[in-house]
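Chemist: Dumping the structure here so I can ask a few things about it.
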Amino acid sequence: MTLIIHPHFHHRYTGVTRHVESVVPALARDSETRVIGSGLSEGLPRITWPELLRRLRQEPVVWHAHRNNELLVGMLLKLLGRQVRLVFTRHTSMAPSGFTRFIARGADALVSLTKQVADVIALPSTVVSHGIDLTRFHPPENRDLAWRKLGLGGRYGIGVIGRIRKEKGQGDFVQAIRPLLSQHPEWQPVLVGLAKGPDLDWLNQEMAGIEDHIALPGEQSVIEPWYQGLSVLVHPSYAEGYSLVHVEAMASGCCVVASKLPYLDTLIEHGRTGFFFEPGDVQGLRELLDMLMREPERAREIGRNAAEEARRRCGVEHEARALSDVYRSTVER
């Protein structure tokens with residue numbers, strides 16, 4: 001039996017955090033899988049440093065890192081345990097630094113979320129896309145009621161979920177919806193996510209004149225109620241490795257309107273399970289939002305189609321099986 005460890009050495013709650021919280025319980029059904037570090041939910045199976053240091057000298061251990069600092073710690077552990085194997089997942093499609101590529105070569109196996117990520121890192125890797133826990137992310141029984149419980153007003157919710165910064169595209173959403181606010185007063189826009197320092201200053205400039213019309217509830221560690229309340233989820237990012245937001249929103253029955261990133265056409269069918277616009281195309285985004293705000297029932301229909309697609313293809317069990325194969329081949333190599 002191989003011990004699987006997923007470390008989490010990051011102070012913020014991110015998409016990687018949600019990924020670890022989702023995949024570890026699925027892996028733990030068939031293998032001993034633990035987490036170590038902070039910032040994760042209390043219900044996950046954990047291991048202490050003393051137990052880990054004792055066991056890595058006695059048995060095979062797979063250390064599955066998701067960030068550079070976690071991979072570096074794994075390299076130190078490998079010096080202590082001859083049977084320690086390192087797996088490193090690359091989560092972003094941005095070109096890695098020379099340092100990241102250098103330490104990635106020290107992993108026994110690399111995992112990329114998409115073919116685009118694999119092409120960018122330019123090292124041999126296995127493509128394993130994220131799955132999600134469909135018991136957490138599912139449509140509400142009553143979306144109107146779910147929205148009212150969030151207490152933001154309006155009849156329908158439309159917005160963006162994720163860290164607020166320029167490259168995530170929230171500014172494009174703000175500019176796209178600005179002239180639509182007076183035409184569709186029953187719709188309440190919202191930006192769910194952390195904004196601070198220069199990012200907050202930039203956002204305030206983007207929202208000048210409509211500050212009272214767009215809600216900013218901040219970062220939310222419990223995100224499911226927001227997916228269940230929103231009718232339309234906009235994802236205007238300029239670049240992503242593989243965003244969990246798309247899949248979580250689809251599984252929750254949101255109508256997803258997303259910038260057309262390279263991998264998304266394998267996930268979303270334009271006009272049936274969501275809509276695309278070119279990254280940075282404010283006018284194209286505005287036209288889609290105007291259409292959906294005029295036809296809320298169409299948004300609901302697209303959301304239902306998306307939820308069915310997510311249930312069929314995006315369960316975390318698919319990811320767990322693929323990762324288990326990576327671990328097994330790495331240990332046996």
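Chemist: Pairs of lysines 8 or more apart, or on different chains, with alpha carbons under 22 Å: count those in region 143-314, would you?
Modeler: 4
Chemist: Shifting gears a bit: Using mean projected area of the Cα convex hull in nm² as the read-out, say which of (i) 18.5; (ii) 15.2; (iii) 16.6 was calculated from these coordinates.
Modeler: (iii)
Chemist: Could you grab the relative contact order for region 143-314? Cα pairs under 8 Å, six or more apart, rounded to a whole percent.
Modeler: 25 percent
Chemist: Please report the carbon-and-sulfur percent of the accessible area for the chain; probe 1.4 Å, protein heavy atoms only, DNA, RNA and ligands left out.
Modeler: Solvent-exposed carbon and sulfur of the chain make up 51 percent of the total.
Chemist: Would you please classify the overall shape of region 205-333 from the alpha carbon gyration tensor, given that a ≥ b ≥ c denote the square roots of the eigenvalues, rounded means a/c under 1.5, and beyond that prolate means a/b larger than b/c while oblate covers the rest?
Modeler: prolate
Chemist: Still on this model: In the chain, with Lys and Arg counted as +1 and Asp and Glu as -1 at Cβ, which of these residues, Gly81, Gly98, Ala26, has the Cα nearest the positive end of the dipole, that is, farthest along it?
Modeler: Towards the positive end, the residue furthest out is Gly81.
Chemist: Further, regarding this structure: Charges at C-beta only: +1 for Lys and Arg, -1 for Asp and Glu. How large is the resulting dipole of region 113-239 about its Cα centre, in Debye rounded to 20?
Modeler: 140 debye
Chemist: For the chain, build the charge dipole from Cβ charges (+1 Lys, Arg; -1 Asp, Glu) around the Cα centre, then report which of Ile121, Phe173, Ile47 sits farthest towards its positive end.
Modeler: The listed residue farthest towards the positive side: Ile47.
Chemist: At 1.4 Å probe size, with every protein chain present, just tell me what the per residue accessible area of the chain comes to in Å².
Modeler: I get 43 Å² per residue for this part.
Chemist: Then there's this: Between Met1 and Trp49, how high is the FRET efficiency from 1/(1 + (r/R0)^6) when r is the Cβ-Cβ distance and R₀ = 22 Å? Nearest 0.05.
Modeler: E(calc), rounded to 0.05, equals 0.60.
Chemist: Top mean-square fluctuation among Pro189, Pro140, Pro179, Gaussian network model of the chain, C-alpha springs under 10 Å?
Modeler: Its mean-square fluctuation being the largest, the pick is Pro179.
Chemist: Pop a pseudo-label 7 angstrom from the Cα along the beta-carbon direction at both Ser97 and Leu123 and give the gap in nm to one decimal.
Modeler: Modelled inter-label distance: 1.5 nm.
Chemist: Where does the chain land at 222 nm, in deg cm²/dmol rounded to the nearest 500, when only DSSP H runs of n ≥ 4 count, each adding -39500 (n - 2.57), divided by all residues?
Modeler: Value at 222 nm, helices only, nearest 500: -12000 deg cm²/dmol.
Chemist: Please state the charge dipole magnitude for the chain, taken about the Cα centre, from unit charges on C-beta atoms (+1 on K and R, -1 on D and E), reported in debye and rounded to the nearest 20. Before the final figure, lay out the partial values.
Modeler: On the way: 40 positive and 39 negative charges, 233 e Å.
Rounded to the nearest 20 debye, it is 1120 debye.
Chemist: Over the chain, what is the relative contact order in percent, taking alpha-carbon pairs closer than 8 angstrom and at least six residues apart? Working shown, then result.
Modeler: Details: 643 pairs, mean separation 56.8, N = 333.
Across the chain, relative contact order equals 17 percent.
Chemist: Let me ask something additional. Gln183 to His270: FRET efficiency via 1/(1 + (r/R0)^6), r the Cβ-Cβ distance, R0 22 Å, to the nearest 0.05?
Modeler: Values: r = 24 Å, r/R0 = 1.10.
The pair Gln183/His270 has a calculated efficiency of 0.35.
Chemist: Looking at region 23-125, which GluC sites (Glu not before Pro) are DSSP coil and have at most 11 other C-beta atoms within 10 Å of their C-beta?
Modeler: Those satisfying the criteria are Glu42.
Chemist: Rounding to the nearest 20 debye, state how big the charge dipole of region 176-310 is about its Cα centre with +1 on each Lys and Arg Cβ and -1 on each Asp and Glu Cβ.
Modeler: Values: 9 positive and 21 negative charges, 32 e Å.
Its charge dipole is roughly 160 debye.
Chemist: Choose one answer from Phe275, Phe102, Phe88: the residue with the largest mean-square fluctuation in a GNM of the chain with alpha-carbon springs under 10 Å.
Modeler: Evaluated over the chain, the most mobile residue of the options is Phe102.
The values are calculated or read from the model by the stated rules, or taken from the named source; none is laboratory data. All values reported here derive from a predicted model rather than from experimental measurement. Cβ coordinates were reconstructed from backbone atoms using ideal geometry, including for glycine residues, and neighbour counts include every protein chain displayed. Please note that ligands, DNA and RNA were not included when accessible areas were found on the heavy atoms of the full protein model with its side chains. Shrake-Rupley method; radii C 1.70, N 1.55, O 1.52, S 1.80 Å.
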